[in-house]
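What follows is one structure encoded as structure tokens, with my remarks underneath.
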Amino acid sequence: MMRFLLLFSRQGKLRLQKWFLPMTEREKKKIIRDMTTMVLARKPRTCNFLHWRDLKIVYKRYASLYFCCGLEDQDNELLALEVLHRYVELLDKYFGSVCELDIIFNFEKAYFILDEFLMGGEIQETSKQSIAKSIEASDMLQETMEEYMSKPAF
Amino acid sequence: MPAVSKGDGMRGLAVFISDIRNCKSKEAEIKRINKELANIRSKFKGDKALDGYSKKKYVCKLLFIFLLGHDIDFGHMEAVNLLSSNKYTEKQIGYLFISVLVNSNSELIRLINNAIKNDLSSRNPTFMCLALHCIANVGSREMAEAFAGEIPRILVAGDTMDSVKQSAALCLLRLYKTSPDLVLMGEWTSRVVHLLNDQHMGVVTAAISLITCLSQKNPDEFKTCVSLAVSRLSRIVSSASTDLQDYTYYFVPAPWLSCKLLRLLQCYPPPEDGAVKGRLVECLETILNKAQEPPKSKKVQHSNAKNAILFEAIALIIHYDSEPNLLVRACNQLGQFLQHRETNLRYLALESMCTLASSEFSHEAVKTHIETVINALKTERDVSVRQRAADLLYAMCDRSNAKQIVAEMLSYLETADYSIREEMVLKVAILAEKYAVDYSWYVDTILNLIRIAGDYVSEEVWYRVIQIVINRDDVQGYAAKTVFEALQAPACHENMVKVGGYILGEFGNLIAGDPRSSPLVQFNLLHSKFHLCSVPTRALLLSAYIKFINLFPETKTTIQEVLRCDSQIRNSDVELQQRAVEYLKLSSIASTDVLATVLEEMPPFPERESSILAKLKKKKGPGAVSNELEEGKREGGELNGAGERPGDSSAIGASNASTPSPSADLLGLRSAAPVSAAPPSAGSLLVDVFSEAGPAAPAASVNDDGFLRDLEPPTESSDSLLAEGSGDSDSAPPSVVSEDPAPPLPESDELLNKFVCKNNGVLFENQLLQIGIKSEYRQNLGRMYLFYGNKTSVQFVSFTTTVSCPGELQSHLNVQLKPVDPLVEGGAQVQQVINIECITDFSEAPILNIKFRYGGALQNLSLKLPVTINKFFQPTEMASNDFFQRWKQLSQPQQEAQKIFKANHAMDTEVIKAKLLGLGTALLDKVDPNPENFVCAGVIQTKSQQVGCLLRLEPNAQAQPGEQMYRLTLRSSKDTVSKRLCDLLAEQF
């Protein structure tokens, strides 16, 4: 199973964190620090895999964002790369050529989309269509634009 | 501010995020956040009831602030309120907040559980999914208690929507991992297994993760999944890339599901059913074939997905380790990848090959790639790939290529990345020792190691070389000469000085005949390094000097002068000062006889497993060291001989006792254990030695002390040496005792008898541990799978198992253990494979010893491994005539064994037949004139010979219950076999 998924920028700013096992805030901070320093220090065109403690780290850069996940020993690294890619595709499909700003301003959506895709660190659904459909369905349950614009800003 | 995305947005939130982003400094950001927190707090506290939207917005802002890395200590209640909103969007944010931020505030959990319960029973699939996600995200014990009963029902109910099933399966998996005891399978086991047949690929993909985990823990209950998984896999592998619609990923049909199916199969041995196995082998071949086909797309996603399946298939082939043909193909495929232009593939190929290298079928094939791997070590630009190459070289090393590999690793060390040097040093040291044919090569290698990478040579490495030199007198002269030469270098590493000091102190006499290395030259050489060394090394050198005085009386005055000078005898370091004072006194007071006895040559160290191996394991974590190097006896640190040498009554031992200095490592203070064992009057013993001046009496104890413990590791590495003695010095002496394998349990004979007529079942169980067994035998070979289940929720550490063949059994049975992970998580089960070869017939059973620490306490358990001679039976069918003819041929008295015994069980013909078949013989029908009797025939296959056996069992079924008896007669061409079979079988009925 995947233990965690982190999205961070080239400057090391964390954009999304998902922990699939309970962890103390201290541990989380340590992992975030180790991951950003390790991954950001990697030279271009090196391989996408690292060993860290007893975990396999798989990461990939998409534009200004690094997607980085920690896997257990028996997990498949190549497939994890494609998990990251599928997640990027899902974000892209939802936001329409997704960029870092979309994820900053709509972080809750990024979490919801991830929840449709992964659960407890395992793949829940791989079909892009199915996931898009359920995200759309939940959006249908939300307010209309008019309702939104009439809400106070503070 | 970017355009608001579709659906719902929260304007206030977007404004706030914008503000934060516009902050020029960290201070400004904190100020803005504090302002916002104050605002939210006042809103939450305000009299006016907040509407759902505002609550949602503020909760979301709090979440954002938390994710920025700030602490949030309020708002939980508002989030919980959102859970019961009937507006989806509010509920969703509430759940997100809980998932990210919940702590184990029990009051809150109760409220959350209530909300979840309502949503689970709402029958609204979107709400149900939200609730399931929340359970999976939090996954606490309280939640498991509340929902572990409900979720299986949701999972298997006929009317549950597919998307809910997917969530339920993974949610259950999550709870099972936290609280396996609360997730009861029982009646729904088979329905869950049959989810593998579900029409909806998404459901199968989610369910298989659950099934894999459950199968690992309960292989027997879930074994029907094997054939289902094989047929599902076969359908996917043979489908065209368009068949599976959206489950095809870049022209690869269902890569996730395929990999998971292959992973599930790795929980089991190869399928027993020939048809299933054939189908699976076909699948694996197809996957290997597809790797050779031209790609359907140039996209990296295509090749990644395709190769992910390929690597998983190879992992399964390696796991089975029984199909030489597939193993060699797998190896060739990985060989291709070694030269692939994709760095990722080279990395993974190196990694997979490491496991292949430990298979007997493919070890040789892996070795053919040695040049490529060496080249990778030298030329790869990426350090993580180089590290894998070094791992592989280590794994493929054997006697035939050790010199080449060690040389390559040594030369790589000169330029290796700092991050991997220490590990490389350990590996070189291990290989050099393991494959040393002549020990001069070993000494050269280690000294080179110290020269090249002295800083990374840990204590264990130089302890080890000294120990080996001490134990092998053929290399002592060479070692002295080499180390003497090495010390000539103007700058040499301190570790070299340590080795030099120790070896010259012990064996300097062996090279003293040469005027170029006369005693004084040796001494001056050592002493020239003295002032540059650290305190522990200087202490060691002082010990070397006193040994010099003993070895070479001509150096006495020179050395005494050195000891006497202020920088020694008044050294500010108490340890050095004490040594100088005591050695000076010793050299001037003691007679030569006493001196010779006190400073006698070191006795050989007890031969034990290398401590370097333990160190490497500790460094790399479990599973990192290649199998062939593990012999099971991990805990035995080499150099901790002191634990077994109680005598502490000596001059130098006494000086230890009085010196709790930080340089303790040199004077044997491996924690305080050996010292505290010494009587407090140790000081007076010191006097005794000198006053009595009797050479004989104290000799024995003197031998054991200080110098030996010069080699004691410092405390921080003590736990690697003595895996079980970590830290707690008080308990050290008893733990030394208890580390010897415990005697077999009293009931172990009974346990053994349970398995005479069957191959699978639970061998042993107590409150902590369950041991299951599966075994299969063919000809004179057997393979046994042991499943160790941790029944507690606490992990077992230092979990080690060994199998020993007591006495003669060693030459009768060859038993090999594959290593097992030293860490067994709570609720987890680990599998261990044992290969057995029967060389000749045998009567005793091998002893399985299991050791682990549970909550700090050492558990030590020995059982008889149910390997009995009848396991190697080949059934033989024969006609009545043949049987009696042979029966007569085996008529010598010693060929027959007979027992008459009372029936312990009811005389049920079917049960008796099943047992006799389970014994492994052929049950011969219509052979005995009396139809009540049973006769059997079989041949026992051993490597050295075959032993034909005939068996006759005569029940007196007519007798009253309680008086029913059997007469059992065995005849075989070998007396020991008849006897053993008779004994074994007499316990079965």
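Taking other Cβ atoms within 10 Å as a rough exposure proxy, B:Y854, B:Y545, B:Y583 sort from fewest to most as B:Y854, B:Y583, B:Y545. Would you mind classifying chain B by shape? Square roots of the alpha carbon gyration tensor eigenvalues, ordered a ≥ b ≥ c; an a/c under 1.5 is rounded, otherwise it is prolate if a/b is larger than b/c and oblate if not. Taking the square roots of the gyration eigenvalues as a ≥ b ≥ c, chain B is oblate. Shape class of segment B:839-972 from the Cα gyration tensor (axes a ≥ b ≥ c, square roots of the eigenvalues): oblate, since a/c reaches 1.5 or more and a/b does not exceed b/c.
Stretching B:D444 away from B:R110 to a fully extended chain increases their span by 113.4 nm, per 0.36 nm per residue minus the current alpha-carbon distance. Label zone (B:T224, point 7 Å along Cα-to-C-beta; backbone nitrogen cut-off 11 Å) within segment B:169-194: B:188-194. Restrict the search to segment B:270-318; then list the trypsin sites (Lys or Arg not before Pro) that DSSP places in a loop and that have at most 14 other Cβ atoms within 10 Å of their Cβ. Sparse-neighbourhood loop trypsin sites (Lys or Arg not before Pro): B:K296, B:K298, B:K299.
Once you sort the root eigenvalues of the Cα gyration tensor of segment B:386-510 as a ≥ b ≥ c, which label holds: rounded (a/c under 1.5), prolate (a/b larger than b/c) or oblate (the other case)? Judged from the Cα gyration tensor, segment B:386-510 comes out oblate (a/c at least 1.5, b/c at or above a/b). Fully extending the segment from A:K93 to A:A137 would add 14.4 nm, taking 0.36 nm per residue of separation and subtracting the current Cα-Cα distance. DSSP bridge analysis restricted to the protein assembly as shown gives an antiparallel fraction near 100%, rounded to the nearest 5. With one equal scatterer per alpha carbon and no solvent term, the Debye-computed log10 I(q)/I(0) for chain A at 0.10, 0.11, 0.16, 0.18 1/Å reads -0.38, -0.46, -0.92, -1.13.
Backbone N atoms of segment B:336-380 closer than 15 Å to the 7 Å Cα→Cβ label point of B:N814 belong to residues B:360-361. Couplings 3J(HN,Hα) for segment B:251-266, derived from phi with the Karplus relation 6.51 cos²θ - 1.76 cosθ + 1.60 (θ = phi - 60°), are 6, 9, x, 6, x, 5, 5, 4, 4, 5, 5, 5, 5, 4, 4, 6 Hz, where x marks Gly and Pro. Take the Cβ atoms of B:K367 and B:D593, set R0 to 51 Å, and the FRET efficiency comes out at 0.35. Between B:T792 and B:G827, the built amide H atoms are under 5 Å apart, and every one of these is 5 or more places off in sequence or on another chain. Taking the centroid of alpha carbons for each part, segment A:83-129 and segment A:1-40 are 17 Å apart. Scalar couplings 3J(HN,Hα) for segment B:143-155, obtained by applying the Karplus form with A = 6.51, B = -1.76, C = 1.60 to θ = phi - 60°, are 5, 4, 4, 6, 10, 4, x, 7, 5, x, 4, 4, 4 Hz; x denotes Gly and Pro. Here r is the Cβ-Cβ distance between B:D908 and B:E150 and R0 is 51 Å; the resulting FRET efficiency, rounded to 0.05, is 0.70.
Computed from the Kirkwood radius of its Cα pairs, the Stokes-Einstein diffusion coefficient for the protein assembly as shown at 25 °C and 0.890 mPa s stands at 72 µm²/s. Using a simple spin-label model with pseudo-atoms 7 Å out from Cα toward Cβ, B:R778 and B:I839 lie 2.3 nm apart.
For the pair B:H531 and A:K30, a Förster radius of 41 Å applied to the C-beta separation gives a FRET efficiency near 0.45, rounded to the nearest 0.05. Pairs from the list A:K128/B:K55; B:K223/B:K774; A:K13/A:K56 with a Cα-Cα gap above 24 Å: A:K128/B:K55.
Quote the relative contact order of chain B in percent (integer), defining contacts as alpha-carbon pairs under 8 Å separated by 6+ residues.
Contact order relative to length: 5 percent.
Over segment A:2-149, calculate the relative contact order: mean separation of alpha carbon pairs under 8 Å at least 6 apart, over the residue count, as a percent. Worked out over segment A:2-149, it gives 22 percent.
Counting, for every residue in B:61-72, the Cβ atoms of other protein chains within 10 Å of its Cβ and taking the mean gives 2. Over 23 Å between C-alpha atoms is what I'm after, so list which of A:K30/B:K57; B:K754/B:K902; B:K367/B:K851 land there. Pairs exceeding 23 Å: A:K30/B:K57; B:K367/B:K851. Cβ crowding within 10 Å ranks B:I612, B:I468 as B:I468, B:I612, fewest other Cβ atoms first. Under the simplified labelling scheme, the B:S572-B:V794 pair shows an inter-label distance of 4.6 nm, with each label point 7 Å from Cα along Cα→Cβ.
Summed over qualifying helices (DSSP H, 4 residues or more, each -39500 (n - 2.57)) and divided by its residue number, the protein assembly as shown shows a 222 nm mean residue ellipticity of -16000 deg cm²/dmol. Taking amide H positions as modeled 1.01 Å from N, with prolines and chain starts lacking one, the residues under 5 Å from B:Q874 and 5 or more places away or on another chain are B:V939, B:I940, B:Q941. Modelled spin-label separation between B:A879 and B:S84, with each label point placed 7 Å from Cα along the Cα-to-Cβ direction: 8.7 nm. Extension gain for B:N34 to B:D181 (0.36 nm times residue separation, less C-alpha to C-alpha distance): 48.5 nm.
Any read-out appearing in this document is the output of simple, stated calculations on the displayed coordinates, not a laboratory observation. Just so it is clear, the model here is predicted, and its values are computed rather than measured. Reconstructed Cβ throughout: ideal geometry from the backbone, glycine too, with neighbour counts over all protein chains shown.
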